[in-house]
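Read-outs: derived from the displayed coordinates by stated rules, not from any lab. Worth saying up front: this structure is predicted, and the values here are computed from it rather than measured. FYI the Cβ positions are ideal-geometry reconstructions off the backbone, even for glycines, and counts take in every protein chain you see.
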Amino acid sequence: MKKILSIITVFASLTFASCEDFLTEEVRGKQNLDTYFSTAEECQAYLTGCYQSITFGDWWQTNTVWLLSEMCSDDAWMGNTSQDQTDYISLAHYRGNGASNGVISNFWQYRYKGIARCNVAIDRIPNAGLEDAALQERLIAEARFLRGYFYFELARNFGGVPLLTHFMMPEEVIGIKRSSLEDTYKFIEDDLKAAAEILPKRSEYAPADLGRATSGAALGLLGKVYLYQEKWQEAHDVLQKLVKESGYSGEDSQTDEYDLLPEFGQVWDCNHDNSIESLFEVQYQYHESLGVGGSLSTVTGARNSGAALGDGWCWCQPTANLEAAYGEDDIRRQWTIISSGCTEIVGETAEDFAKILKDNKGTITDHAKLAEQYGWDPNCLIINPVAHKSGRIIRKYYIPLNDRPENFYQTKSPLNHRILRYADVLLMYAEACNELGDDTHAQAALNKVRNRVNLAPVTSTGTALRDAIRHERRLELAFEQNRLYDIRRWKDDSGTPLIASILGPNGSFVRWNTEEATRDPFEWNNQGEDSNKGISFDVNRDLIFPIPLYEITMSGGSIEQNPGWN
């Protein structure tokens, strides 16, 4: 019996029975694919499963690569030094041996499972014959948006991938090859453009449909896809339809649909889920008994530093290098990073911080000695130096005491995950304008983001403005799954990917963390994770992740590995 690759298994293992089932009697407990999709309710219920495919309801299917991308950049350490996290370290430290990595293997598999679900919807819903033809078209467009998003996630992590464009049986997939990156992006573009033409604007949805894909989300993601390919004019023209500062007033304008929230601290606040700033986010309906909700608050929370702080797993910790990059930008620094030595946590009341501090002091051995060692206020918060590479955790994912469910000490929380928001759109538009020589509109979009956090407007032009936009993206969008992909795609003045000047033996990040004059004492004192992270970065290998080895093996060689990976 031939071995077949896992994406074949994905397409054959949907929760439907095939019409070619060897049983003459319908399989009880399963729906028949040929008789499903006969009502609007069935079509909508199936599409809910396509949305659920964004995370598959837990932390290990896709959240892990979201965090891995941060660990592979200059923004985050792997973090957890009390447990073996080899799968993260092998890639985050660029050791060249990640092809058998379980983290990326899961991600690949579950992104294709999501694509399989979307393909069924795209194939079957057109034949549903719903009375509400507009609803039928919208559901297909939602599935195409999600499929485009899933393929984008694969493309920016692995390069060109096998394109499965419709529901396929296992024998149809045998021998499939990878498409080029150009063809993969073309397919994504087609899905997103088709979705944008059909999907309603955010304001046109009923309240009960809040969180569904919108035409604005499709345009925003399409703009990002163009940006990643350096299609500056296409990116500009798409993003212009969303940006107030663009002056665009065409019939397809959505410049009144989105805006920045008044305060940066509101962006990652569960009381501001689906805000005016949100183009698309993961919808989490927390339920303690059913064990549903988001996971990143727990996965990235402090470990062994006091239950009141969150009792987390401490994967993906902010670097001192990122914290230093904020400079005088105190607002975004405090709302992005919680640091050891702090005497408050923004968003916590003084009373609740006192509760956290009391628990923290009772948990951390030699709390007073550590505060003295690092020159901190004795009444400060300390993140356990034994278990953490960095004395920092991510504030964006942190849930304040007042917003926590009664039973918070599990892997679920009520905070939606922001995938695309208006500040990102503004900065992408600024980047496209700058690349096209339109520095006036680039400055306007950039300075709108800066104005929210009380920073002086940027007046520079040309290359200096380009660098200011890049810096702003790091500070504004930290831990929102942008940094690694930005530094991979950006070029320096010589045309070399920017990441090569940050990582590698002479990389600025490596030197910053290993030279005595700049290295952070807390991070240096815990070598459970090496401080020279990135020293073995290879620009000819490490601009994308390896294709999971089992895919190569099970395909019989029809799927080829990325250069430099075994």
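Here the mean projected area of the convex hull built on the C-alpha positions of the chain is 26.6 nm². Estimated from the Cβ-Cβ distance and a Förster radius of 51 angstrom, the FRET efficiency linking Thr343 and Gln44 is about 0.55.
Could you give the semi-axes, largest first, of the ellipsoid that matches the stretch 296-415, computed as the square roots of 5 times the alpha carbon gyration tensor eigenvalues and rounded to whole Å?
Whole-Å semi-axes of the equivalent ellipsoid: 20, 17, 14.
Can you give the extra length, in nm with one decimal, that the chain gains between Gln561 and Ser501 once fully stretched, where that is 0.36 nm per residue apart less the Cα-Cα distance? Let's see the in-between values first.
Values: separation 60, 0.36 × 60 = 21.60 nm, distance 2.55 nm.
Here the answer is 19.0 nm.
Across the cross-link table entries Lys358/Lys396; Lys448/Lys491; Lys113/Lys193; Lys113/Lys389; Lys193/Lys533, which are compared at the Cα atoms, the separations over 29 Å belong to Lys113/Lys389; Lys193/Lys533.
Dimensions of the stretch 420-524 based on its C-alpha atoms, expressed as ranges along the principal axes with the largest first, amount to 42, 32, 26 Å. Label separation (Met169 vs Asp190): 2.4 nm, computed from points 7 Å beyond Cα along the C-beta direction.
Just tell me the longest site-free run in the chain, where the sites are chymotrypsin sites (Phe, Trp or Tyr not before Pro) in a DSSP loop having at most 13 other beta-carbon atoms within 10 Å. All intermediate terms of the calculation are to be shown ahead of the outcome.
On the way: sites that count: Phe22, Tyr409.
Looking at the chain, 23-408 is the longest stretch - no exposed chymotrypsin sites (Phe, Trp or Tyr not before Pro) with at most 13 other Cβ atoms within 10 Å.
So if R0 is 45 Å, what FRET efficiency would Thr553 and Asn532 give, r being the distance between their Cβ atoms, rounded to the nearest 0.05?
Values: r = 32 Å, r/R0 = 0.72.
About 0.90, to the nearest 0.05.
Work out the FRET efficiency for Ile276 and Asn454 from their Cβ-Cβ distance, taking R0 = 30 Å, and round it to the nearest 0.05. Before the final figure, lay out the partial values.
Working: r = 20 Å, r/R0 = 0.68.
Working from the Cβ atoms, E equals 0.90.
Taking Cα atoms only, the orientation of helix 40-52 departs from the longest principal axis of the chain by about 40 degrees. Take the Cα of Asp34, step 7 Å toward its Cβ, do the same at Ala307, and the gap between the two points is 5.7 nm.
Find how much the distance from Gln266 to Asp58 grows on full extension, using 0.36 nm per residue of separation minus their present alpha carbon separation; answer in nm with one decimal. Don't jump to the answer; show the numbers that get you there.
Values: separation 208, 0.36 × 208 = 74.88 nm, distance 2.49 nm.
Answer, rounded to one decimal: 72.4 nm.
Each residue of the stretch 419-428 was assigned a 3J(HN,Hα) from its phi angle through the Karplus expression (A = 6.51, B = -1.76, C = 1.60, θ = phi - 60°), giving 9, 8, 9, 5, 4, 5, 4, 4, 6, 5 Hz with x at Gly and Pro. Phi-derived couplings, Karplus 6.51 cos²θ - 1.76 cosθ + 1.60 at θ = phi - 60°, listed residue by residue for the stretch 223-234: x, 5, 4, 5, 4, 5, 9, 6, 8, 5, 5, 5 Hz, with x used for Gly and Pro.
On full extension of the chain, what length is gained from Thr518 through Glu351, given 0.36 nm per residue of separation minus the C-alpha to C-alpha distance?
Numbers: separation 167, 0.36 × 167 = 60.12 nm, distance 3.56 nm.
That pair, Thr518 and Glu351, stretches by 56.6 nm at full extension.
Once backbone amide H atoms are built at 1.01 Å from N, Ala76 has Thr319 as its partners under 5 Å, excluding neighbours fewer than 5 places away on the same chain. In a reduced charge model with +1 at each Lys and Arg Cβ and -1 at each Asp and Glu Cβ, the stretch 460-566 shows a dipole moment near 280 debye about its Cα centre. Remark on Asn32: its backbone amide H falls under 5 Å from those of Ala17, a criterion applied only to residues 5 or more positions apart or on other chains, H modelled at 1.01 Å from N. A cut-off of 5 Å between modelled amide H atoms, ignoring neighbours fewer than 5 places along the same chain, links Leu279 with Leu420, Arg421, Tyr422.
Let's see if you can work this out: charge +1 on each Lys and Arg Cβ, -1 on each Asp and Glu Cβ, no other charges. What is the dipole magnitude of the chain about its Cα centre, in debye to the nearest 20? Spell out each step's value before the answer.
On the way: 54 positive and 81 negative charges, 215 e Å.
In debye, rounded to 20, the chain gives about 1040.
For the stretch 296-415, the dipole from Cβ point charges (+1 on Lys and Arg, -1 on Asp and Glu) about the Cα centre works out to 420 debye, to the nearest 20.
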